[in-house]
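Participant: Pasting a structure below so you can have a look.
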Amino acid sequence: MSGAEAELVRQLTEGEPATGDPNEEALARLSPRWEIRIQTERDPVAEETEAYRKLAKEADGRYDDRAKSE
């Protein structure tokens with residue numbers, strides 16, 4: 001068993017058993033997931049999309065309004 005698995009087992013089994021839903025209790029005992037966001041000066045996806053838009057036009061124009069608002 002890896003260290004992460006052992007930690008998960010410890011977190012899920014320590015403490016007094018409750019009478020509620022075991023699935024909800026297990027989720028409540030897990031540590032929260034963290035998300036790291038980094039602000040950048042340029043958006044490579046938007047730049048690539050713009051390059052493709054210069055090569056071809058949308059068949060149905062469904063994204064045209066979005067490109068104008070950005």
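Participant: Looking for something touching a residue at least 24 places away in the same chain (Cβ under 8 Å) and part of a loop (DSSP other than H, G, I, E, B) - is there at least one such residue anywhere in the range 55-70?
Facilitator: Within the range 55-70 (the criterion being touching a residue at least 24 places away in the same chain (Cβ under 8 Å) and part of a loop (DSSP other than H, G, I, E, B)), the answer is yes, since at least one residue qualifies.
Participant: Any residue in the range 1-30 that's free of Cβ contacts under 8 Å to residues at least 12 places away in the same chain: show its pairings with residues that are surrounded by 10 or more Cβ atoms within 10 Å (Cβ to Cβ) and not small (G, A, S) at Cβ separation under 7 Å, as long as the two are six or more apart or on different chains.
Facilitator: A18/E25
Participant: Could you please tell me which pairs satisfy a Cβ distance under 9 Å, a separation of 6+ or placement on different chains, a first residue in the range 34-54 that is basic (K, R), and a second residue that is at pLDDT below 90 and in a loop (DSSP other than H, G, I, E, B)?
Facilitator: Every condition considered, the pairs that remain are R53/Y63.
Participant: Another question about this same structure. Among the listed residues E5, E50, E41, which satisfies the condition of being of a type outside the set (S, T, N, Q) and surrounded by 10 or more Cβ atoms within 10 Å (Cβ to Cβ)? Please lay out each step first, then the result.
Facilitator: Numbers: E5 fails: surrounded by 10 or more Cβ atoms within 10 Å (Cβ to Cβ); E41 fails: surrounded by 10 or more Cβ atoms within 10 Å (Cβ to Cβ).
Within the list E5, E50, E41, the selection yields E50.
The values are calculated or read from the model by the stated rules, or taken from the named source; none is laboratory data. Keep in mind that what you see is a predicted model, and the values were worked out from it rather than measured. When we count neighbours, we look across all protein chains shown, and the Cβ atoms used for this are built from the backbone with ideal geometry, even at glycine.
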